[in-house]
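Have a look at the structure below, then the notes.
Throughout, read-outs are computed from the coordinates displayed, never taken from laboratory work. Note that the structure is a prediction, hence the values are computed from the model and not measured. Cβ coordinates were reconstructed from backbone atoms using ideal geometry, including for glycine residues, and neighbour counts include every protein chain displayed.
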Amino acid sequence: MEEKLVTLAILTYSKAQILKNVLENEGIESYIHNVNLIQPVISAGVRVRIKESDLPRALKIVEDSAWLSEEAEPEKKKTVRSNKILLPVDFSDYSMKACEFGFNFAAEIHAEVVLMHVYFSPVYMPSLQYATEGFGLPVEPEMGIKHILDTVHNQLNKLTDTIKEKIAAGELPDVKYTCLLREGIPEEEILHYARMEKPLIIIMGTRGEGEKEMDLIGSVTAEIIDRSPTFVYAIPKGAQKKNFSDIRKVAFITNFDQRDLMAFHSLITTFKDYNFEISFLNLNSDEQKRTWNEIKLAGIKEYFKKQYPQLNIDYGVIREDNLLSNLDEYVKDKQIDVLCISNYKRNVFARLFNPSIARKMIFHTHLPILVIK
């Protein structure tokens, strides 16, 4: 039986030709329909159609708007990720929990672990002695910076000694790891490394040492979740699972955006060696739309069953009126191990005044959160 074709985009003829070339260079068969055969160059709009099974990959390509440019080249440059797992550490209990998970995961996928600590040094010191009173800053900048560096090195040495002891005792697998020290603002340095080195995933605790429990704006982890170019796995203090192989049930939160389709495909292909049970969740605040959303979820379930027959898929709807408590109830009832969220890029004002679902949940739930990019 011939596979069904679906419409990926409706474009001008010239744009459709560019997209067709890009798709075929990625191994995706595509067809242009409804062409004005007499004057194709001035056609009002043509359909680019592909096989239904190629839809997730094709949507990811379309999301990259570079091919829309008239100067776009037919060949699309692929992004190659390094075989590294980034573990930002701040020497707190959260860091050691992240290390345990990261080392176990690295052993399974034969990756290298990068332990990264970012420290802040007071380079710009007040020029007048009285201006330092009440801020706990040393009068002599050189002594202050030297003390900070000595402290950081001692803490890093202590962490590596602990890791070596755990490896020797068999509590951690013996994998290759390196340590990095960076000076600056933690979230900015972590994001810079992620953009330049392209690690497979960033694994970190949900709160750093000394941070307030509900500091929604200041948390380093929350900023990484919002802006990271790669997967982020956030581990709260009370998390029990120590590896992806221990995870059985994953709740994937969706709002029916096509980017969720791409994110889910990315999740399945990245963690293809793990047998997760998937529950699609929709957060709904309108009772009138509840039935319609359940119909959409049922449709999503059927689509993914067809695309990924090896998966065990379920779905549900969570009311947003008491989001966190309702989510807790669902998680407990369904015995969910991990919350999976696709976190789209948003501007700074949206991040400050309307925190994303991931940012809200990260300070509330005891479950790990896997953020897909």
Karplus-derived 3J(HN,Hα) from phi for segment 160-174 (6.51 cos²θ - 1.76 cosθ + 1.60, θ = phi - 60°), whole Hz, x at Gly and Pro, runs 5, 5, 4, 5, 4, 5, 5, 5, 5, 7, x, 7, 10, x, 8
For a Förster distance of 22 Å, can you work out the FRET efficiency between the beta-carbons of residue 31 and residue 60, rounded to the nearest 0.05?
0.70
Could you pull out the pairs from 237/296; 272/296; 84/301; 198/241; 51/373 whose alpha carbons sit more than 28 Å apart here?
237/296; 84/301
Once phi for every residue in segment 110-117 is put through the Karplus expression 6.51 cos²θ - 1.76 cosθ + 1.60 (θ = phi - 60°), the whole-Hz ³J(HN,Hα) values, with Gly and Pro written as x, are 6, 10, 9, 9, 10, 8, 10, 10
What is the gain in length, in nm to one decimal, between residue 256 and residue 149 on full extension, counting 0.36 nm per residue of separation less the C-alpha to C-alpha distance?
33.7 nm
Once both labels are modelled 7 Å past Cα along the beta-carbon direction, what's the residue 305-residue 196 spacing in nm?
4.9
Stretch gain in nm, segment residue 83-residue 333, where the contour uses 0.36 nm per residue and the Cα spacing is subtracted
86.3 nm
For an R0 of 51 angstrom, estimate the FRET efficiency from the Cβ-Cβ distance between residue 10 and residue 270 and round to the nearest 0.05.
0.95
Residues in segment 189-207 near a label at residue 180, defined as backbone nitrogen under 11 Å from the 7 Å Cα→Cβ point?
189-200
What residues qualify as long-range amide H neighbours of residue 248, i.e. H under 5 Å apart, gap of 5 or more or another chain, H built at 1.01 Å from N?
337
Long-range amide H partners of residue 12 with built H, under 5 Å:
46
